[in-house]
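Before any comments, here is the structure.
The values are calculated or read from the model by the stated rules, or taken from the named source; none is laboratory data. In this text the structure is predicted, and so the values were computed from the model without any measurement. So basically every Cβ, Gly included, is an ideal-geometry build from the backbone, and we count neighbours across all protein chains shown. Protein only, heavy atoms only, side chains kept; ligands, DNA and RNA dropped before computing areas. Shrake-Rupley method; radii C 1.70, N 1.55, O 1.52, S 1.80 Å.
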2 protein chains.
Amino acid sequence: MSEQPTDTPRNEDFLRLDHQICFALNAASRAFGGVYRVALKDLGLTYPQYLVMLVLWEDGTTPVKQLGTRLRLDSGTLSPLLKRLEAAGLIRRERSTEDERSVHAVLTEAGTALRARAAEVPRRIAAATGCDLAEIRDLQTRLHRLTAALDTAAAQV
Amino acid sequence: MSEQPTDTPRNEDFLRLDHQICFALNAASRAFGGVYRVALKDLGLTYPQYLVMLVLWEDGTTPVKQLGTRLRLDSGTLSPLLKRLEAAGLIRRERSTEDERSVHAVLTEAGTALRARAAEVPRRIAAATGCDLAEIRDLQTRLHRLTAALDTAAAQV
DNA sequence: CACAATTAAGTTGTGCACAACTCAATCGCT
DNA sequence: AGCGATTGAGTTGTGCACAACTTAATTGTG
């Protein structure tokens, strides 16, 4: 009978907003959005666009499919986003010659050059969190575990 | 591209995708979205709509302004969302008599009744996370601290 | 009292997230 | 080889997030 020592595990209690982990997560994610919006304004990037650029700077030319895997996004989100990056002159989209279904995102000169200007962004963000590196790393580990668990659960439905 | 001479901490390292706490957070938040989408489908609610209902079930009739404070959302998000909840017959919007600028969200019969059916949602979500209560609570504390720090930093810009 | 400043909702426009769908290229199997 | 199934992008439609703006009600101050 001592499964949940101090908590009354009634459904009622679980419905309280401030008990919802998802809300804390969602709020934190949007708070990050606000800080990034400021930090990325000079670069002319939104936060999801910045994520795509991170992958390209790190891995170079990348198929859309792989961007999706890496960023957990589907073509419905990526297609228009990549068009905007292309319109901004940061990438080109090139259809693969080996597999004509596949499209590769390729950095342009301007896209490659932007990396230098983006270099200071992470430090500014880190400063805004007010957390030390260990705290951040720990949080990341927990979040990865959580995401994996949630994806598994969703897939089982 | 061969201009990294030292092994001292470089901005370069901070640019790696898997070092970005914001990405882990964003991914976890969207993973939650997927699980909620399934759990809330029967209720005909989206996740943000569910959050509004949580506040109303907890606090009763609530001004739009206060919903915004509670959920960290502005009128640009809430106005159309509340219209959809009203169209679904779950709430009414009533202009305050004391202050005619203010609009209150009021639960209808159907909106109140929905609470019983929502009662099992949190348990299903908790199960999907695979975390115990202590882990969740700890994560929440960290996220609140993080959100507060980010909001402060954003306000200072 | 008068009236400028503030406040609460709502509107408009842009971009992201995702479901559901189409279409063409490729794969797998007989 | 033939052909149905699968795969990768893209499109369409809905809803959320948020900036920038409008409108109307209220407040504060001279």
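Numbers for the structure displayed
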quantity	calculated
B:L54 being facing chain A (nearest Cβ under 9 Å), more than 23 Å from B:D99 (Cα to Cα) and under 16 Å from the mean Cα position of the chain (by Cα)	yes
Any hit, segment B:27-34, residues being surrounded by 22 or more Cβ atoms within 10 Å (Cβ to Cβ) and more than 7 Å from every other protein chain (Cβ to nearest Cβ)	no
Residue under evaluation A:T112, criteria (1) part of a helix (DSSP H, G or I); (2) within 11 Å of DNA strand C (Cβ to nearest atom), criterion not met	(2)
Matching residues, segment A:82-108, being out of contact with any helix residue (DSSP H, G or I) (no Cβ under 7 Å at 6 or more places or on another chain) and either more than 13 Å from DNA strand C (Cβ to nearest atom) or within 14 Å of chain B (Cβ to nearest Cβ) (or both)	A:E94, A:H104, A:V106, A:T108
Residues that are touching a helix residue (DSSP H, G or I) at 6+ places or on another chain (Cβ under 7 Å), in a helix (DSSP H, G or I) and either near DNA strand D (Cβ under 9 Å from one of its atoms) or of a type in the set (V, I, T) (or both), drawn from segment A:62-81	A:V64, A:L67, A:G68, A:S75, A:L78
A:A118 vs. criteria more than 7 Å from DNA strand D (Cβ to nearest atom), under 13 Å from A:L56 (Cβ atoms) and more than 19 Å from the chain's Cα centre (by Cα)	no
Condition check for B:A155: open to solvent by less than 80 Å² (accessible area, probe 1.4 Å), within 14 Å of chain A (Cβ to nearest Cβ) and part of a helix (DSSP H, G or I)	no
Residues of segment A:82-103 classified as open to solvent by less than 20 Å² (accessible area, probe 1.4 Å) and under 20 Å from the mean Cα position of the chain (by Cα), total	4
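Listed here are the residues, each with its yes/no results for (1) at pLDDT below 95; (2) surrounded by fewer than 20 Cβ atoms within 10 Å (Cβ to Cβ); (3) over 30 Å from B:T152 (Cα atoms).
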position	(1), (2), (3)
A:P5	yes, yes, yes
A:D42	yes, yes, no
A:G68	no, yes, yes
A:P80	no, yes, yes
A:A105	no, no, yes
